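Peer 1: Structure below; questions to follow.
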Amino acid sequence: MRLFRFLNLPWPLQSMSKPPLLILLAAPRGFCAGVDRAIQIVEQALSKWGAPVYVRHEIVHNAHVVKRLEAMGAIFVEELTECPDERPVVFSAHGVPKEVPAEASRRQMTYVDATCPLVSKVHAEAQRHARNGLHTLLIGHEGHPEVVGTMGQIAPGSMTLIETVEDAETFLTADPQRLAYVTQTTLSVDDTKDIVAALRRRFPHLNEPRKDDICYATTNRQEAVKAIAEQAQLVLVIGAANSSNSVRLKEVAERSGAKAAYLIASADDIDWAWFSGVTTLGLTAGASAPETLVQGVIAACRARFEVSVQEVVTAQEDVVFRVPRVLEGA
């Protein structure tokens, strides 16, 4: 009887009610085919050869993924010199310079290359340009593992890194008719477009990729963020600070109408002061962030708000990359 009377009192209800929050959930989001394949490679290598399996560099840029694989027996290192000859080693999804597998072969190591096939495509383009006597311009970010790996595919001095429109405007060459360009696969489509436009204007004979180097998953996730950002007061991007595609998603959200956008590793990084006055939240995840982190953010929001979720679908993805033949059936 007392419970019934309590539920009918207006003031306790008002004090206990949660403010409404609409979550616009971007789709596609999270793992791409290249990331999924790389993780499977480490898992199947552990299944085939047992622990430990060494992994040169983070297999993908996500600490949660790395920790889970470490718990299974993977050991992550920065250089091949840290790996014993008798244990298998996996090369990360970002790709490695040619000297790395060459050194592994010299040491007669068992190794598996988890380089994303779309990154390998860029490597092949750079090698083809070098064989044809062209100087290659690589549009990308200095120090990123993918850039290091791509620049390591051809002889030193055969490739120049172009990071900005200013770099494109000031680059000088003795032979402007023998130039080509390739791009890092995880860049902002819009930023890259401006750099390419500057290069095309300055070098009309510029040799271009047969197909855009920026990967389908990067493009799809950026288009999905644009669709939610224009309707959201706040956008949260789940991903690592060293994940290029995740950082680009935050930048795209900011440029596409969101009043604020933040990159978070998980729900633990949320500052709830960001939600002041927010009734619509845009939520997405970078290509190396697992869906469990997305659901963790939604659960954290449900603890504080009356949440409704609307998935905003801008593309369907059905791409699957096979693992190397040496691991098939592992």
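None of the figures in this text is laboratory data; all of them are computed from the coordinates on show. All of these numbers come straight from a predicted model, not from anything done at the bench. Note: ideal-geometry Cβ built from the backbone for every residue, glycine included; neighbour counts use all protein chains shown.
Peer 1: Pull out the extension gain between ARG255 and THR164, defined as 0.36 nm times the separation in residues minus the alpha carbon to alpha carbon distance; nm, one decimal.
Peer 2: Contour length minus Cα-Cα distance gives 31.0 nm.
Peer 1: From the helices alone, meaning DSSP H stretches of at least four residues, give me the mean residue ellipticity at 222 nm for the chain, per-run term -39500 (n - 2.57), in deg cm²/dmol to the nearest 500.
Peer 2: It lands at -11500 deg cm²/dmol.
Peer 1: Suppose each label sits 7 Å from its Cα in the direction of the beta carbon; what would the GLU70-PHE321 distance come out to in nanometres?
Peer 2: Calculated label separation equals 2.4 nm.
Peer 1: For region 33-116, what is Rg from Cα atoms divided by 2.2 N^0.38 Å, rounded to two decimals?
Peer 2: Compared with the compact-globule rule of thumb, region 33-116 sits at 0.97.
Peer 1: How long, wide and thick is the chain, going by the Cα atoms along their three principal axes, in whole angstroms, largest first?
Peer 2: The Cα atoms of the chain stretch 86, 53, 30 Å along their principal axes.
Peer 1: Using a 10 angstrom Cβ neighbour count of at most 16 plus a DSSP loop assignment to flag exposed trypsin sites (Lys or Arg not before Pro), which longest range of the chain is free of such sites?
Peer 2: With a cap of 16 other Cβ atoms within 10 Å, the longest stretch comes to 1-97.
Peer 1: Report the full-extension gain for the segment TRP272 to ALA51: residue separation times 0.36 nm, less the Cα-Cα distance, to one decimal in nm.
Peer 2: 75.5 nm
Peer 1: Would you work out the relative contact order for region 63-159, in percent, from Cα pairs under 8 angstrom that are 6 or more residues apart?
Peer 2: For region 63-159, the relative contact order is 28 percent.
Peer 1: Grab the other residues whose beta carbon is less than 14 angstrom from that of SER188, score K and R as +1, D and E as -1, and report the net.
Peer 2: Around SER188, the surrounding residues sum to -3.
Peer 1: Another one. Compute the relative contact order of the chain as a whole-number percentage, counting only Cα pairs closer than 8 Å that sit 6 or more residues apart in sequence.
Peer 2: 25 percent
Peer 1: Work out which GluC sites (Glu not before Pro) in the chain are exposed loop sites (DSSP not H, G, I, E or B, at most 13 other Cβ within 10 Å) and give the longest gap free of them.
Peer 2: 231-327
Peer 1: What full-extension length gain, to one decimal in nm, is calculated for ARG128 and GLN40 as 0.36 nm per residue of separation minus the Cα-Cα distance?
Peer 2: Here the answer is 28.7 nm.
Peer 1: If you rank ASP194, ASP318, ASP271 by fewest surrounding Cβ atoms within 10 Å, what's the result?
Peer 2: ASP318, ASP271, ASP194
Peer 1: Another question about this same structure. Under 8 Å for C-alpha pairs, at least 6 residues apart: give me the relative contact order for region 118-202, rounded to a whole percent.
Peer 2: 38 percent
Peer 1: Scan region 63-157 for chymotrypsin sites (Phe, Trp or Tyr not before Pro) in coil per DSSP, keeping those whose Cβ has at most 15 other Cβ atoms within 10 Å, and list them by number.
Peer 2: Answer by residue number: there is no such site.
Peer 1: Measure up LYS98/LYS211; LYS18/LYS67; LYS18/LYS226 against 26 Å on the Cα-Cα distance and list the ones that go over.
Peer 2: From LYS98/LYS211; LYS18/LYS67; LYS18/LYS226, over 26 Å: LYS18/LYS67; LYS18/LYS226.
Peer 1: Which of the helices in the chain meet the span-like rule: DSSP H, Cα axial reach of 18 Å or more, Kyte-Doolittle mean at least -0.5?
Peer 2: For the chain, where a helix must reach 18 Å along its axis and average at least -0.5, the hits are 33-49, 216-229.
Peer 1: Tell me, HIS135, HIS61, HIS144 in order of fewest to most beta-carbon neighbours within 10 Å?
Peer 2: In order of increasing Cβ crowding within 10 Å: HIS144, HIS135, HIS61.
Peer 1: Please work out the FRET efficiency for the pair VAL77 and ALA330, using the Cβ-Cβ distance as r and a Förster radius of 25 Å; give the result to the nearest 0.05.
Peer 2: So, using R0 = 25 Å, E works out to roughly 0.70.
Peer 1: Could you work out how far the C-alpha centroid of region 219-267 sits from that of region 53-124, in angstrom?
Peer 2: Region 219-267 and region 53-124 have Cα centres spaced 29 Å from each other.
Peer 1: I need the shape label for region 204-330. Rule: rounded when a/c is under 1.5, else prolate if a/b > b/c, else oblate, with a, b, c from the alpha carbon gyration tensor.
Peer 2: In terms of gyration-tensor shape, oblate.
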